[in-house]
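Data block below; observations after.
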Amino acid sequence: MSSASTKSEYLLLFRNTDCLATLSAEEIKKVMVEWVAWSDRLIAEGRAKANRALGRTGKIVSGKDRNITDGPFAEAKEAVAGYFLVEVADLDEALAIARECPTLSCGATVEVRPMPKECPAHQLAAATLREIDGFFGRQSVPESSAVGAVSTI
Amino acid sequence: MNNASEKSDYLLLFRGADWHRGLSPDEIQKTMTVWMGWFNRLVEEGRCKGGQSLGPDSKVVSGKMKNVVDGPYAEAKESVAGYFLLTVGSLEEATEIAKECPTLGYGTTVEVRPLLARCAASEMAATKPATVHA
């Protein structure tokens, strides 16, 4: 996925960006100018690869019966409001970027999550089997598996 | 960004990373195969532009003092475990896809959220003053 193999991807999840509404119009403008400059710089530096905001509404699907309720999942203050996909050297660099977020001062939070390089299914399968090994106290590597990565464990 | 102008981007946020607990290795393997088949089909259909699982190690930054604490943000059951980026015709279509998630019966929850067409900053800049004046 990444051309620079030494770099890793991290997802920055923003919450409570609506905290801006508590500021004066002048302060909002100032923070927004900072936000745009911050975002543009990260993209120009090649450290941010995507930058999206989520709409406030949505749906939640859960349970065996596939119940659908109106979202988002958490209350407004704790709902994911947007994300940056960054490509940097390590967690510390991702964290340093997160700490530059201009809306931190009014109450926003930034969650920094690593993104494993393997595809989600492979990653999940690998983690699962390792846990199973520990849980059952044995090696449980299926001989015939549709999940190719499993055989490398 | 989109070739088909009537399509929009939606994010599926998966929660409940420990769906496999209580399942046998065979059941887990079978479920994983179904997951991969589901993901691959959505990609082939051009309805899914990407997907990723998120590692459990994380940090949360908050406050004026930019405090850093070990994450993730929510407890394990409610933490975001992965996502799909969909390009589909409507929220209903995205929700129908969410309903196909193979681990819904094992505690996974799928949050379906529209992605705004503009970048976060311009969207916020456009909406905030109205919010304030209201």
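Answer yes if at least one residue in region A:82-97 is assigned to a helix (DSSP H, G or I), charged (D, E, K, R), more than 9 Å from chain B (Cβ to nearest Cβ) and farther than 30 Å from residue A:6 by Cα, and no otherwise. Lay out the reasoning, then the answer.
Going through region A:82-97, the residues assigned to a helix (DSSP H, G or I) turn out to be A:91-97.
Now drop any that are not charged (D, E, K, R), which leaves A:92-93.
If we keep only those that are more than 9 Å from chain B (Cβ to nearest Cβ) too, we end up with A:92-93.
Now drop any that are not farther than 30 Å from residue A:6 by Cα, which leaves none.
No, there is no match, as no residue in region A:82-97 is assigned to a helix (DSSP H, G or I), charged (D, E, K, R), more than 9 Å from chain B (Cβ to nearest Cβ) and farther than 30 Å from residue A:6 by Cα.
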Filter pass, residue B:22 being more than 7 Å from chain A (Cβ to nearest Cβ), modelled with pLDDT of 90 or more and over 27 Å from residue A:97 (Cα atoms): no
Residue list for region A:59-81, filter: at the interface with chain B (Cβ under 7 Å from one of its Cβ atoms) and within 18 Å of the chain's Cα centre (by Cα): A:72, A:73, A:80
What's the total number of residues in region A:38-59 that are more than 30 Å from residue A:90 (Cβ to Cβ) and surrounded by 14 or more Cβ atoms within 10 Å (Cβ to Cβ)? 4
When the residues of region B:25-58 are filtered to those that are within 9 Å of chain A (Cβ to nearest Cβ) and acidic (Asp, Glu), which remaining residue is surrounded by the fewest Cβ atoms within 10 Å (Cβ to Cβ)? B:26
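Rundown of residues vs (1) loosely packed, with under 15 Cβ neighbours inside 10 Å; (2) acidic (Asp, Glu); (3) at pLDDT 95 or above, yes/no style:
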position: A:61; (1), (2), (3): no, no, yes
position: A:71; (1), (2), (3): no, no, no
position: A:86; (1), (2), (3): no, no, yes
position: A:98; (1), (2), (3): no, no, yes
position: A:101; (1), (2), (3): no, no, yes
position: A:105; (1), (2), (3): no, no, no
position: A:122; (1), (2), (3): no, no, no
position: A:144; (1), (2), (3): yes, no, no
position: A:150; (1), (2), (3): no, no, no
Is it true that residue A:37 is more than 8 Å from chain B (Cβ to nearest Cβ) and within 21 Å of residue B:11 (Cβ to Cβ)? no
Scanning region B:67-110 for residues that are modelled with pLDDT under 95, hydroxyl-bearing (Ser, Thr, Tyr) and assigned to a loop (DSSP other than H, G, I, E, B), the one surrounded by the fewest Cβ atoms within 10 Å (Cβ to Cβ) turns out to be B:79
Which condition number in (1) over 30 Å from residue A:90 (Cα atoms); (2) free of Cβ contacts under 8 Å to residues at least 12 places away in the same chain is the one that residue B:34 fails? (2)
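The values are calculated or read from the model by the stated rules, or taken from the named source; none is laboratory data. The structure displayed is predicted, hence computed values, not measured ones. A quick note on method: Cβ atoms are made from the backbone with ideal geometry, for glycine too, and the neighbour counts reach across all protein chains shown.
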